[in-house]
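Everything on this sheet refers to the single structure shown next.
Derivation of every value follows stated rules applied to the coordinates shown; laboratory data play no part. From a predicted model like this one, the values you see are computed outputs, not experimental measurements. Note that we place each Cβ from the backbone using ideal geometry, even for glycine, and neighbour counts take in every protein chain shown.
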Amino acid sequence: MTSRKGALPSDDELLERLTWGPEDERARIVGAIVGWFAEDRARASARVGAMLQRVRGLRSGAPLRAKGAFACIVALAEGLGPGEPLPPECDLALTFHEDAAVVRSLLQRVPPPRRAAMFEAWLAEGSWSRYLVPYLDLAPSAATAILEQAQAKGELREVLAWEGFAKRRGTIPALDAVLARFDAALGAEPPPPPPPPPRVGSFRFVDPVRVLPGDFDGLDPVARSQYLQIAGSYVESGEVTGPRDFVRQLKKEELDEGDAELRRWKVLRGDEHVHDLWVVWVENALFFRAGTEDRSGVSVIQGRYLAERDEPALVELAEDLAASERESLWALPPAKKSAKAPAKKSAKAPAKK
């Protein structure tokens, strides 16, 4: 089976091109697949079906091909007659990460029993609930499965409040009946207890300082070691030899010298200086025992305080430090305005006392 421009690649390569190729190439391949149906509909259906079996949507071992599979389904639908259903090979190759109007039109070409089975299969994976809500008018029974899952997890109140459900209340009788049943179940439950008050940490973060690569030579030996450790934690190699090497590695990773800016804090418990904190790029940090090169055993990665070893004392320390943070680790106090020079006193008219 060929296109007007000659033989097409293998099925695997077609899927790759439909996923990664430029828009004009994807459009050309979709047009060619539509042409297959004009040439030989039976063979076209068989070949597209075989391609979809390779992918099985996001359930497959090659999920990034799901976009290519979706394009195949769109082309297949264009090759079908009016009212003719999509073949079963499409059922688990559909994905909701596409244009909602196109997804809806494709779902409408799936017979209701198969459509309900599709929804149930997706729900069984545990990550599709929110994606399914806009299409529940096509398979209202799926709402029962979504809400039963939420009830089993103790999340019924939260899920019933989803915007997708709120928008569809009063518009789909079958869905309203399901929602009313779970509303009643929720009403019979005691109200949730108030959340516990937020933990108050026992530390204070004070005296933040901006540290630039040019400041390195002015640091004491301990601070230099701490600098090299935090800088090394941020680059792929895991170590740097100095500020120039830090900047060089950042540029190699398509960053620039501005990303080499650091922050340094003192961490106090009461009035005692117990940790030094170094921050790289806003929300990544290392803690050191104050005045030493030794790590405290807690890191911050993308804003999350993590124990570096699975030890109860370190887990507790990480939680305590996290609860102690009061502002962004990247924050600096506003620059102080320079005091105005006192007005010169006139020799002729001395200031009055």
Taking the number of other C-beta atoms within 10 Å as the exposure measure, put Ile172, Ile29, Ile301, Ile73 in order starting with the fewest.
Ile301, Ile172, Ile29, Ile73
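Just subtract the alpha-carbon distance of Glu13 and Arg326 from 0.36 nm times their residue separation and send over the number in nm, one decimal. Before the final figure, lay out each step's value.
Values: separation 313, 0.36 × 313 = 112.68 nm, distance 5.28 nm.
So the extension gain works out to 107.4 nm.
Is the C-alpha gyration tensor of segment 204-324 telling us rounded, prolate or oblate? Criteria: a/c under 1.5 is rounded; beyond that, a/b larger than b/c is prolate, otherwise oblate.
Numbers: a/c = 1.96, a/b = 1.49, b/c = 1.32.
It is prolate, given that a/c is not under 1.5 and a/b is the larger ratio.
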Near the amide H of Val211, under 5 Å away, which other amide H atoms are found, from residues 5 or more places off or on another chain, if H is placed in the peptide plane?
Leu262, Arg263, Arg264
Looking at the chain, identify the longest residue range that excludes and avoids all GluC sites (Glu not before Pro) in DSSP loops having at most 10 other Cβ atoms within 10 Å.
1-124
Segment 242-323: trypsin sites (Lys or Arg not before Pro) in DSSP coil with no more than 11 other Cβ atoms inside 10 Å:
Arg309
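What FRET efficiency would be calculated for the residue pair Thr292, Glu254, taking the C-beta separation as r and a Förster radius of 45 Å, to the nearest 0.05? If you can, show how the numbers build up before the last one.
Numbers: r = 34 Å, r/R0 = 0.76.
With R0 = 45 Å, the Cβ-Cβ based efficiency is 0.85.
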Using Kirkwood radius over Cα pairs in Å as the read-out, say which of (1) 20.5; (2) 22.1; (3) 26.5 was calculated from these coordinates.
(3)
Per DSSP helix of 4 or more residues, -39500 (n - 2.57); summed, then divided by the residues of the chain. What does that give at 222 nm, rounded to the nearest 500?
-13500 deg cm²/dmol
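With r as the distance between the Cβ atoms of Arg169 and Glu189 and R0 = 25 Å, compute the FRET efficiency 1/(1 + (r/R0)^6) and round to 0.05.
Values: r = 20 Å, r/R0 = 0.79.
Taking R0 as 25 Å, the efficiency between Glu189 and Arg169 is 0.80.
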